[in-house]
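The structure appears below as structure tokens.
The values are calculated or read from the model by the stated rules, or taken from the named source; none is laboratory data. It should be emphasised that the depicted structure is a prediction, and the values quoted were computed from it without experimental measurement. FYI the Cβ positions are ideal-geometry reconstructions off the backbone, even for glycines, and counts take in every protein chain you see. Heads up: the accessible areas ignore ligands, DNA and RNA and are worked out on the full protein's heavy atoms, side chains in. Shrake-Rupley method; radii C 1.70, N 1.55, O 1.52, S 1.80 Å.
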Amino acid sequence: MYTIPLVGWIANAAARLTGLHGAVTLRAQETGCCRQSVYDHAQKVKSAVEAEHGGGPTRAELIRENKVLRQENIQLWDWLFQTVDLGPIKQQAFSVTAMAMGLSHNQILVLLTILLGAKACPSRSTIHRWVQAAGKAAGEVLKQLDRSCRVFVLVGCLDEIFFHRQPVLVGVEPMSMVWFLGKKVASHKGSTWFAELQPWTSLRYVTSDAGAGLKAGIAKMQQHQRETNQVPLEKGLDVFHTKREAQRALRIIWMRVERAWERAEAAGRALKQARWKGRSERALTQQVHEAWTKAFDAFKLYEKREAVWKRVEPALDVFRPDGQLNDRAWAQQQVAWALPRLPGPEWSKIHGLLKTAESFTFLDRLHNQLDQLSVPKALREALVHLWWLRRQRPMKSKDTDPVSHAHVLSLLQEVLCQKLDPNWRQWYRRIAAVLSQTVRASSAVECMNSVLRMHQSRHRTMTQGMLDLKRLYWNRRVFRGGKRKGHCPYEHVGLKLPSYDFWALLQVRMTTALAEAKAVAKAKTTAHAA
């Protein structure tokens, strides 16, 4: 608060600037202040007037500008708090994770340039060194994790995936989707498969196609287990490949139908043209009749072969068409009926696959597991039928009656189960686990195929380091939907880790790998200089 009013300041300034000799002393006496205060007030009033009328911004303008600058300053601080710290470690984590997800070096470089700017962005060669070190580190980490996983991997889906004719051996645990085998090899013969499967001593059942190398490797594994007094590995033939071969055979027959139909249509057009030109129709009419007869016969043959296959196809399913649980005896009976009715070279491979005992190993394994539950036979059959009924419900839609026929039947079946055993629900959960975990195909490998093909589309080669990097990333990747939602494959298989974070598992080993790579590069430089 001022002791002298602002009007007094102006009067003091007037006395100092325009007053006569002695005016400053007189003014100081009148206001009760010292002479220096009069001089100070005069200087401040003069400066204020010059600032207001000197041609520069006014005080009001300066206040407004100051307010805008304060708001801008607050906004900049807010943005600073929201920015991501992309130091060297974060840049490495970003590059390695992006590579494991399937991005290329150039794509990673573009994204880092957007985040960091061209000057602060690491070079492509630096990103390449980070990725190489990460691949080596991932291989070391997976050695430890694989040793811990061996006791949990009991079932495996096996197959080979080829990259530029270079085989990669792939193994996936189908329930958890743990990718437990991913090895780039020179050949996929039996001895190679045996060497890769031998460490997985807890494997009890594998399913695969009829590939010669894979088949020989599994047979060698079974022989080794018998010689070492272990339980031999069970092998199932992939029913997906069998069904695909059948569709291939049907396509061959259908192509014959199409060719015969085209020839019949061509003969019909020739007959019409002859009529239009007034030529003799007798020979052409006979040709048209014969052509259409062959076309209809070919079509009838296709329908006959298709009907036979549709009858034998349920032999490869868990349930029969009537809802009863399938078994080997019924399945082989269907096969024995169908094979004589599927002649021709296009069906020769189907004959070999369906005659193989391993095509129905999944049924033997299913019944053995159900027998081990020690559930009374009547209750077990009722619960199995309930499980089948619950999966016959139609998809929900606005036009569908919510009380469907299958829904009513499942409710009635629940009443029946309740009468057989009041505690039927606990038995149902155990039986449902067995039925839902029946593995008939190696389709889980196709999931890895789609993951790896995405990488192949962006890179020239698939190195072992890149395979290890992608396998580690997949096994700790959290599923975003489906029955496995919210957990990663390692969690589903039962592997306990302090952290499932990809970068946390990789960082320590990667630091060591980078240091080793620098030491090797330095040694090479020194050797060249010498």
**Prompt:** In degrees, nearest 10, range 0 to 90: what is the angle between the Cα axis of helix 35-53 and the longest Cα principal axis of the chain?
**Reply:** 50
**Request:** Under a cut-off of 27 Å between alpha-carbon atoms, report the lysines in cross-link reach of Lys377, not counting same-chain residues fewer than 8 places apart.
**Result:** Lys419
**Item:** the chain: angle of helix 59-82 to the longest principal axis, Cα-based, in degrees nearest 10
**Value:** 30
**Prompt:** From the Cα gyration tensor of the stretch 429-530, with a ≥ b ≥ c the square roots of its eigenvalues, which class applies: rounded if a/c is under 1.5, or else prolate if a/b is larger than b/c, or else oblate?
**Reply:** prolate
**Prompt:** Ordered by residue, what ³J(HN,Hα) values in Hz, to whole numbers, does the stretch 513-526 give under the Karplus form 6.51 cos²θ - 1.76 cosθ + 1.60, where θ = phi - 60° and Gly and Pro are x?
**Reply:** 5, 5, 5, 5, 5, 5, 5, 5, 5, 5, 5, 5, 4, 5
**Item:** Calculated FRET value between Ser125 and Thr58, using beta carbons and R₀ = 56 Å, to 0.05
**Value:** 0.45
**Asked** Which lysines have a Cα less than 16 Å from the Cα of Lys300, not counting those fewer than 8 places away in the same chain?
**Response** Lys310
**Message:** Assuming 0.36 nm per residue, please report the length gained on full extension of the stretch Ala14 to Val151 beyond their Cα-Cα distance.
**Reply:** 39.3 nm
**Asked** Can you list the lysines whose alpha carbon sits under 25 Å from that of Lys67, skipping same-chain ones fewer than 8 residues off?
**Response** Lys44
**Message:** Keeping all protein chains in the complex and leaving out DNA, RNA and ligands, what accessible area do you get for Val439 with a 1.4 Å probe, in Å² to the nearest 10?
**Reply:** 20
**Fill in**
Yeah, the stretch 162-235 with a ≥ b ≥ c from its alpha-carbon gyration tensor (a/c under 1.5 is rounded, else prolate when a/b outruns b/c, oblate otherwise) is oblate
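Determine the shape class of the stretch 299-421: with a ≥ b ≥ c the square roots of the Cα gyration tensor eigenvalues, call it rounded for a/c under 1.5, and otherwise prolate if a/b is greater than b/c, oblate otherwise.
Taking the square roots of the gyration eigenvalues as a ≥ b ≥ c, the stretch 299-421 is oblate.
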**Asked** For the pair Lys524 and Ile89, how long in nm is the line joining their label points, each one 7 Å along Cα→Cβ?
**Response** 2.9
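Over its Cα atoms, what ratio of radius of gyration to 2.2 N^0.38 Å does the stretch 1-155 give?
For the stretch 1-155, the normalised Cα radius of gyration is 2.40.
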**Loop-resident sites, the stretch 407-463, for trypsin sites (Lys or Arg not before Pro), counting at most 13 other Cβ within 10 Å (DSSP)** = Arg458, Arg460
**Request:** Report, by chain and number, residues whose modeled amide H sits under 5 Å from the one on Leu181, excluding near sequence neighbours (fewer than 5 apart, same chain).
**Result:** Gly171
**Request:** Mind checking which of Cys149, Pro376, Ser202 is farthest towards the positive end of the chain's charge dipole, using Cβ charges of +1 (Lys, Arg) and -1 (Asp, Glu) about the Cα centre?
**Result:** Ser202
**Asked** So if R0 is 45 Å, what FRET efficiency would Asp327 and Leu111 give, r being the distance between their Cβ atoms, rounded to the nearest 0.05?
**Response** 0.20
**Fill in**
Candidate cut points under chymotrypsin sites (Phe, Trp or Tyr not before Pro) in the stretch 449-493, DSSP loop plus at most 10 other Cβ atoms within 10 Å of their own Cβ, are none
**Request:** Any chance you could check the Cα centroid distance between the stretch 413-434 and the stretch 447-465 for me, in angstrom?
**Result:** 46
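Where the accessible area of the chain is counted over protein heavy atoms with a 1.4 Å probe, how much of it, in %, is carbon and sulfur? Don't jump to the answer; show the numbers that get you there.
Working: 17510 of 31340 Å².
C and S atoms contribute 56 percent here.
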**Asked** Hey, rough spin-label estimate for Asp501 and Thr438, points 7 angstrom out along Cα→Cβ, what's it come to in nanometres?
**Response** 4.4
**Item:** Distance violations [Cα-Cα > 22 Å] among Lys183/Lys243; Lys90/Lys524; Lys470/Lys496; Lys184/Lys349
**Value:** Lys183/Lys243; Lys90/Lys524; Lys184/Lys349
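Note the full-extension length gain between Gln144 and Ser187 as 0.36 nm times their separation in residues minus their Cα-Cα distance, in nm to one decimal.
Answer, rounded to one decimal: 12.9 nm.
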**Item:** Test item: Cα-centred dipole of the chain, Lys/Arg +1 and Asp/Glu -1 on Cβ, debye
**Value:** 1240
**Message:** Between Leu373 and Leu301, what's the calculated FRET efficiency when r is the beta-carbon distance and R0 is 45 Å? Round to 0.05.
**Reply:** 0.45
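Report the charge-dipole magnitude of the stretch 8-158 in Debye, nearest 20, computed about the Cα centre from +1 at each Lys and Arg Cβ and -1 at each Asp and Glu Cβ. The partial results should precede the final answer.
Details: 17 positive and 11 negative charges, 97 e Å.
About 460 debye.
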**Request:** List the residues whose amide H sits under 5 Å from the amide H of Gly156, counting only those 5 or more places along or on another chain, with H placed 1.01 Å from N in the peptide plane.
**Result:** Tyr205, Val206, Thr207
**Complete:** Sorting Val110, Gln71, Ala137 by the position of each Cα along the dipole of the stretch 40-158 (Lys, Arg +1; Asp, Glu -1; all at Cβ), the one nearest the positive end of that ordering is Ala137
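Counting only heavy atoms of protein chains, what accessible area per residue, in Å², does the chain have with a probe of 1.4 Å? Walk me through the numbers before you get to the answer.
Values: 31340 Å² over 530 residues.
Result: 59 Å² per residue.
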**Request:** Enumerate the calculated ³J(HN,Hα) couplings along the stretch 178-195 in order (Karplus 6.51 cos²θ - 1.76 cosθ + 1.60, θ = phi - 60°), each rounded to whole Hz, writing x wherever the residue is Gly or Pro.
**Result:** 6, 8, 9, 9, x, 10, 7, 10, 7, 8, 10, 6, x, 5, 5, 4, 4, 4
